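Here's the structure, in C-alpha coordinates; my notes come after.
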Amino acid sequence: MTDCVFCKIAEGQIPASTVYEDEDCVAFMDIGQVNPGHVLVAAKRHAQDLYALDDAQAAAVARGVARVARAIRAAFAPEGLSVYQANGAAAGQTVFHYHVHLVPRFANDGMRFTWPVQNPPREVLEEHAARIRAALGL
Ligand code: AMP
Ligand code: ZN
(Lines give C-alpha, C1' and ligand atoms only; values in the text may rest on other atoms or scores of the structure.)
(Ligands and ions follow the chains in the order given, each with its own letter.)
Protein backbone atom coordinates (compact mmCIF):
# COMPACT_ATOMS: atom_id res chain seq x y z
CA MET A 1 0.00 0.00 0.00
CA THR A 2 1.90 3.01 -1.28
CA ASP A 3 0.19 5.67 0.86
CA CYS A 4 0.87 3.82 4.11
CA VAL A 5 3.67 5.26 6.26
CA PHE A 6 4.63 1.90 7.77
CA CYS A 7 4.70 0.19 4.36
CA LYS A 8 7.04 2.95 3.24
CA ILE A 9 9.28 2.36 6.26
CA ALA A 10 9.27 -1.40 5.57
CA GLU A 11 10.23 -0.70 1.96
CA GLY A 12 12.96 1.78 2.95
CA GLN A 13 11.19 4.66 1.20
CA ILE A 14 11.10 6.89 4.26
CA PRO A 15 13.76 7.02 6.96
CA ALA A 16 13.35 5.22 10.26
CA SER A 17 15.71 4.22 13.05
CA THR A 18 15.47 0.49 12.51
CA VAL A 19 16.50 -1.92 15.26
CA TYR A 20 15.46 -5.30 13.87
CA GLU A 21 14.22 -6.83 10.65
CA ASP A 22 13.36 -10.30 9.43
CA GLU A 23 11.25 -11.77 6.63
CA ASP A 24 7.94 -10.87 8.28
CA CYS A 25 8.44 -7.85 10.50
CA VAL A 26 10.44 -4.69 10.99
CA ALA A 27 11.09 -2.87 14.29
CA PHE A 28 11.97 0.81 14.53
CA MET A 29 11.97 3.67 17.03
CA ASP A 30 8.62 5.44 17.40
CA ILE A 31 9.16 9.08 16.42
CA GLY A 32 7.16 9.96 19.53
CA GLN A 33 9.08 8.52 22.49
CA VAL A 34 6.61 7.97 25.32
CA ASN A 35 9.70 6.80 27.22
CA PRO A 36 13.26 6.41 25.90
CA GLY A 37 13.57 3.12 24.01
CA HIS A 38 9.99 3.08 22.68
CA VAL A 39 9.93 0.74 19.67
CA LEU A 40 7.25 -0.27 17.18
CA VAL A 41 7.22 -3.74 15.65
CA ALA A 42 5.28 -3.75 12.39
CA ALA A 43 4.27 -6.49 9.99
CA LYS A 44 6.15 -6.08 6.72
CA ARG A 45 3.21 -7.02 4.54
CA HIS A 46 0.36 -4.54 4.83
CA ALA A 47 -2.34 -5.76 7.20
CA GLN A 48 -4.66 -3.16 8.65
CA ASP A 49 -4.89 -4.61 12.14
CA LEU A 50 -4.77 -7.71 14.32
CA TYR A 51 -7.91 -9.09 12.71
CA ALA A 52 -6.23 -9.09 9.30
CA LEU A 53 -3.25 -11.27 10.29
CA ASP A 54 -3.12 -14.93 9.40
CA ASP A 55 -1.76 -17.34 12.03
CA ALA A 56 1.72 -17.48 10.54
CA GLN A 57 2.02 -13.70 10.34
CA ALA A 58 0.75 -13.32 13.93
CA ALA A 59 3.30 -15.84 15.20
CA ALA A 60 6.10 -14.17 13.27
CA VAL A 61 5.33 -10.71 14.64
CA ALA A 62 5.11 -12.13 18.17
CA ARG A 63 8.59 -13.62 17.74
CA GLY A 64 9.94 -10.25 16.62
CA VAL A 65 8.25 -8.59 19.59
CA ALA A 66 9.85 -11.06 22.03
CA ARG A 67 13.32 -10.63 20.53
CA VAL A 68 13.16 -6.84 20.57
CA ALA A 69 11.66 -6.85 24.09
CA ARG A 70 14.68 -8.76 25.41
CA ALA A 71 17.02 -6.32 23.68
CA ILE A 72 15.20 -3.29 25.13
CA ARG A 73 15.52 -4.82 28.59
CA ALA A 74 19.24 -5.36 28.08
CA ALA A 75 19.82 -1.89 26.62
CA PHE A 76 17.67 0.32 28.88
CA ALA A 77 17.23 -1.79 32.03
CA PRO A 78 13.66 -0.53 32.55
CA GLU A 79 11.70 -1.67 35.57
CA GLY A 80 8.92 -2.84 33.30
CA LEU A 81 7.82 -3.00 29.69
CA SER A 82 4.35 -2.17 28.39
CA VAL A 83 3.42 -4.05 25.22
CA TYR A 84 0.29 -2.87 23.53
CA GLN A 85 -1.53 -2.25 20.30
CA ALA A 86 -4.79 -0.61 19.34
CA ASN A 87 -7.49 -1.62 16.88
CA GLY A 88 -9.57 1.16 15.39
CA ALA A 89 -9.77 4.92 15.75
CA ALA A 90 -11.98 4.70 18.83
CA ALA A 91 -9.18 2.79 20.57
CA GLY A 92 -6.76 5.62 19.74
CA GLN A 93 -5.15 4.05 16.69
CA THR A 94 -3.74 6.57 14.25
CA VAL A 95 -1.71 4.46 11.79
CA PHE A 96 -3.72 1.67 10.22
CA HIS A 97 -0.98 -0.85 9.57
CA TYR A 98 -0.56 -3.60 12.15
CA HIS A 99 2.07 -2.76 14.77
CA VAL A 100 2.88 -3.39 18.42
CA HIS A 101 4.23 -0.76 20.82
CA LEU A 102 7.06 -1.73 23.19
CA VAL A 103 7.38 0.98 25.85
CA PRO A 104 10.00 0.74 28.60
CA ARG A 105 8.48 1.67 31.97
CA PHE A 106 10.22 3.34 34.90
CA ALA A 107 9.13 3.63 38.49
CA ASN A 108 8.27 7.31 38.32
CA ASP A 109 6.45 7.39 34.99
CA GLY A 110 2.99 6.83 36.48
CA MET A 111 0.14 4.56 35.46
CA ARG A 112 -0.76 6.67 32.47
CA PHE A 113 1.41 7.78 29.60
CA THR A 114 1.87 11.53 29.50
CA TRP A 115 0.93 13.49 26.42
CA PRO A 116 2.21 15.13 24.36
CA VAL A 117 5.07 12.69 24.02
CA GLN A 118 8.59 13.79 23.24
CA ASN A 119 9.69 13.96 19.61
CA PRO A 120 13.45 13.69 19.95
CA PRO A 121 15.73 14.60 17.04
CA ARG A 122 16.85 11.83 14.69
CA GLU A 123 20.29 11.61 16.36
CA VAL A 124 18.65 10.66 19.66
CA LEU A 125 16.45 8.06 17.98
CA GLU A 126 19.55 6.68 16.26
CA GLU A 127 21.39 6.55 19.59
CA HIS A 128 18.53 4.57 21.16
CA ALA A 129 18.37 2.30 18.11
CA ALA A 130 22.12 1.62 18.25
CA ARG A 131 21.84 0.50 21.90
CA ILE A 132 19.05 -1.93 21.02
CA ARG A 133 20.85 -3.21 17.92
CA ALA A 134 23.97 -3.81 20.02
CA ALA A 135 21.90 -5.85 22.50
CA LEU A 136 20.61 -7.91 19.58
CA GLY A 137 24.17 -8.45 18.42
CA LEU A 138 23.55 -6.56 15.16
P1 AMP B 1 -1.12 4.06 16.98
O2 AMP B 1 -1.74 3.88 15.63
O3 AMP B 1 -2.01 4.74 17.96
O4 AMP B 1 -0.54 2.81 17.53
O5 AMP B 1 0.05 5.10 16.80
C6 AMP B 1 0.92 5.12 15.71
C7 AMP B 1 2.28 5.40 16.22
O8 AMP B 1 3.17 5.52 15.12
C9 AMP B 1 2.42 6.69 17.02
O10 AMP B 1 2.97 6.38 18.30
C11 AMP B 1 3.36 7.56 16.18
O12 AMP B 1 4.22 8.33 16.97
C13 AMP B 1 4.09 6.52 15.38
N14 AMP B 1 4.60 7.01 14.09
C15 AMP B 1 3.91 7.71 13.18
N16 AMP B 1 4.67 8.00 12.09
C17 AMP B 1 5.88 7.45 12.33
C18 AMP B 1 7.11 7.40 11.62
N19 AMP B 1 7.26 7.97 10.41
N20 AMP B 1 8.16 6.75 12.19
C21 AMP B 1 8.03 6.18 13.40
N22 AMP B 1 6.90 6.18 14.12
C23 AMP B 1 5.84 6.81 13.60
ZN1 ZN C 1 1.00 -0.51 5.33
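The values are calculated or read from the model by the stated rules, or taken from the named source; none is laboratory data. Bear in mind that the values here come from a model prediction, so they are computed numbers and not experimental data. Backbone-built Cβ (ideal geometry, glycine too); neighbour counts: all protein chains shown. What goes into the accessible areas is simple: the full protein's heavy atoms, side chains included, and nothing from ligands, DNA or RNA. Shrake-Rupley method; radii C 1.70, N 1.55, O 1.52, S 1.80 Å.
For the chain, the relative contact order works out to 32 percent when only alpha carbon pairs closer than 8 Å and six or more residues apart are counted. With every protein chain in place and a 1.4 angstrom probe, the accessible-area ranking of 17, 82, largest first, reads 82, 17. Accessible surface comparison of 14, 9, 31, 132, probe 1.4 Å, protein chains only, largest first: the order is 31, 14, 9, 132.
Calculated [222 nm] ellipticity per residue, helices only, for the chain: -10000 deg cm²/dmol; basis is -39500 (n - 2.57) per DSSP H run with n ≥ 4, divided by all residues, nearest 500.
Of the peptides 87-94, 23-30, the ranking by mean beta-carbon count within 10 Å, highest at the top, reads 23-30, 87-94. If I take R0 = 35 Å and measure r between the Cβ atoms of residue 13 and residue 77 in this structure, what FRET efficiency does the formula 1/(1 + (r/R0)^6) give, to the nearest 0.05? The formula returns an efficiency of 0.55 here. The residues of the chain expose, per residue, 55 Å² of accessible area to a 1.4 Å probe. Carbon-plus-sulfur fraction of the accessible area of the chain, 1.4 Å probe, in percent? With neighbouring chains kept in place, the figure for the chain is 54 percent. May I ask for the angle, rounded to the nearest 10°, between helix 55-76 and the longest principal axis of the chain, with both axes built from Cα atoms and the value confined to 0 to 90°? Between helix and principal axis, roughly 20 degrees. For residue 23 and residue 107, a Förster radius of 30 Å and the Cβ-Cβ distance give a FRET efficiency of 0.20, rounded to the nearest 0.05.
Note on the chain: the C-alpha convex hull projects to 8.2 nm² when averaged across all orientations. In order along the stretch 125-130, the Karplus-derived 3J(HN,Hα) couplings, from 6.51 cos²θ - 1.76 cosθ + 1.60 at θ = phi - 60°, round to 4, 5, 4, 4, 4, 5 Hz, and Gly and Pro are given as x.
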